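Heads up, the thing below is written out as structure tokens.
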Amino acid sequence: MEIVESKISLSDSHLVDIFNNNTDYILLLEKRFSVIINLRGDTLILKGGMREISIIEKIISECEYMLQKKNIFSKNDFITVINLFDIKSKTLNNVDGVVNNIVYNGYKNGAVITRNAKQEEYVQTVKDNDLVFSVGPAGTGKTYLAVAMALAALRDEKIQRIIVTRPAVEAGESLGFLPGELKDKIEPYLRPINDAMFSMLSPDVLHTFTEKQLVEITPLAYMRGRTLDNAFIILDEAQNATITQMKMFLTRLGNNSKAIVTGDVTQIDLKEKNQSGLVHAMKILKNIKGIGFVTFDKKDIVRHRLVAKIIEAYDKENKKINKNISNS
């Protein structure tokens, strides 16, 4: 590999301060791309392969773009940009920019960005289809990205409202077993959705959206009899919807609407697991044009690094149990 030297002028003073005050940022680039980097004033001096330097130049450009868009920039943001370009460098013959990977500029956690190739596929599949099934383990960003895409569509006036729903069935419980009034019973099932909303919208904005019915978060049972035009609809935890409920939900889709169905077929809490509407729908709808399918697996998990290992450990244990049952 031919070693060359290149200079990158940092046009954003905040980015200069970031590199000056935290050597981890430069060390991350040096380790990932096998280059040597020195910062002199507002200029990065790089020594390494031409291809690697070209990727780093585009990473820096993207970092500056993100700073201009949201005025803050975290280490997680930096790692996300590195991962995106590293993936592109291994899978494509070019190192184009990743500007389109910003899904939505959030409130608390900054920009919501695709963090791996599978998430990029997910976003593109939603753009290309009116109904998308997103299936995989916890921590892959299925619901979080769905909410971000819905908010982006509302912001861009592509739709007029967002409706997020999930079946009120978890771990063998139902609403009747929970204490309190109906509102109190429903709240635990909808909390994950509320958490995602709160990370992307300020409390005031979310309250306004809710009051004006621009955003509605509701149990699946309340969807019956409705026709949803000009809406972005998300069905979360769909593995716990029955076949009848799934059919009811899918037939709510109206004109100029999109729907995302998310779930994990290994986490079915229905008493009769063969009645999962998600499993059934994926079988009978797979050849219909306009319906997209995205399947995540353990390697796509973007939560804490231990989450993937925990899921893998449980999967191994379940395989042992099933093997013992079949042999007995």
In segment 133-167, anything in contact with a strand residue (DSSP E or B) (Cβ under 6 Å, 6 or more places away or on another chain), basic (Lys, Arg) and farther than 23 Å from His280 by Cα is listed as Arg161
With criteria (1) open to solvent by less than 10 Å² (accessible area, probe 1.4 Å); (2) in contact (Cβ under 8 Å) with a residue 40 or more places away in the chain, Met282 comes up short on (1)
Among the residues of segment 193-201, are any over 19 Å from Arg161 (Cβ atoms), open to solvent by less than 60 Å² (accessible area, probe 1.4 Å), among the hydroxyl-bearing types (Ser, Thr, Tyr) and at pLDDT 90 or above?
no
Note on segment 10-42: residues closer than 17 Å to Lys58 by Cβ and touching a Leu at 6+ places or on another chain (Cβ under 8 Å) are Leu10, Asp12, Leu15, Phe19, Ile26, Val35, Ile37
Residue hits (segment 202-216; at pLDDT below 85 and hydrophobic (A, V, I, L, M, F, W, C)) are Val205, Leu206
Taking first residues from segment 289-301 that are at positive phi and second residues anywhere that are assigned to a loop (DSSP other than H, G, I, E, B), the pairs with Cβ under 9 Å that are 6 or more apart or on different chains are Gly290/Asn129; Gly290/Asp130
Residue hits (segment 202-214; surrounded by 12 or more Cβ atoms within 10 Å (Cβ to Cβ), without any contact (Cβ under 8 Å) to a residue 60 or more places away in the chain and under 19 Å from Val112 (Cβ atoms)) are Leu206, Phe209
Per the filter on segment 221-235, residues open to solvent by 10 Å² or more (accessible area, probe 1.4 Å) and either under 15 Å from Gln160 (Cβ atoms) or assigned to a loop (DSSP other than H, G, I, E, B) (or both) are Arg224, Gly225, Arg226, Thr227, Asp229, Asn230
When segment 1-57 is checked residue by residue, the ones that are more than 21 Å from Leu84 (Cα to Cα), open to solvent by less than 60 Å² (accessible area, probe 1.4 Å) and in a helix (DSSP H, G or I) are Val16
Q.
Yes or no: segment 288-309 includes at least one residue that is open to solvent by 60 Å² or more (accessible area, probe 1.4 Å), more than 17 Å from Thr143 (Cα to Cα), in a loop (DSSP other than H, G, I, E, B) and modelled with pLDDT under 90.
A. no
If we ask which residues in segment 240-272 are part of a loop (DSSP other than H, G, I, E, B), of a type outside the set (A, V, I, L, M) and open to solvent by 20 Å² or more (accessible area, probe 1.4 Å), their number turns out to be 10
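The values are calculated or read from the model by the stated rules, or taken from the named source; none is laboratory data. Please read all numbers here as calculations on a predicted model, not as lab measurements. A quick note on method: Cβ atoms are made from the backbone with ideal geometry, for glycine too, and the neighbour counts reach across all protein chains shown. For the accessible areas, the whole protein counts, side chains as well, though only heavy atoms, and no ligand, DNA or RNA atoms are used. Shrake-Rupley method; radii C 1.70, N 1.55, O 1.52, S 1.80 Å.
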